Amino acid sequence: MGTQHLQSEDGSALKLRPPRKYGVFLLNDDYTTMDFVVQVLTEVFFLPEDRAFAVMLLVHNEGRGLCGTYTRDVAQTKQAQVHQRAADAGFPLKCIVEEVS
Ligand code: TYC
């Protein structure tokens, strides 16, 4: 998506840029249960069960995996929700937010 060029009321140029996109990635660890990760992926990222399981296995096998792509605020909120749920459940599950193109 490119930059849109609009004109404001006084005729001056106005550039509207699309928001940057941020990926939320889950990281693997040896302690968090697979069931808990699938639950996080369905309840925080709203993935259907089969895709949640596939992402969980990808993270388990590859070390990290993309849960979803959002604006920065939403990505950071999802990250906080994951870390809060993990802390409440006593798991060391971590996720990171990175700008994606
Ligand atoms: N590796 C964990 C296990 O074997 C499962 C796991 C998957 C943990 C994904 C974290 O982000 C994760 N129980």
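Residues in segment 82-90 carry Karplus couplings, in order, of 4, 5, 5, 4, 5, 4, 4, 8, x Hz; the curve used is 6.51 cos²θ - 1.76 cosθ + 1.60 with θ = phi - 60°, and Gly or Pro positions show x. The aspartates and glutamates whose alpha-carbon is closer than 18 Å to the alpha-carbon of LYS21, local same-chain residues fewer than 8 away aside, are ASP73, GLU98, GLU99. Placing unit charges on each Cβ (+1 for Lys and Arg, -1 for Asp and Glu) gives the chain a dipole about its Cα centre, and among VAL37, GLY23, PHE91 the Cα reaching farthest toward its positive end belongs to GLY23. Near VAL100, the amide H atoms lying under 5 Å from its own belong to LYS21, TYR22, GLY23; only residues 5 or more places off or on other chains count, and H is placed 1.01 Å from N. Between amide H atoms placed 1.01 Å from N, distances below 5 Å from LEU47 occur with THR42, all of them 5 or more places distant or on a separate chain. Our helix-only sum for the chain, with -39,500 (n - 2.57) per DSSP H run of n ≥ 4 divided by its residues, gives a mean residue ellipticity at 222 nm of -13500 deg cm²/dmol.
Computed from the coordinates by the stated procedures, all read-outs in this text should not be read as laboratory data. Since the model is a prediction, treat every value here as computed from it, not as a measurement. Don't worry about glycine lacking a Cβ; one is built from the backbone with ideal geometry, like all the others, and counts go over all protein chains shown.
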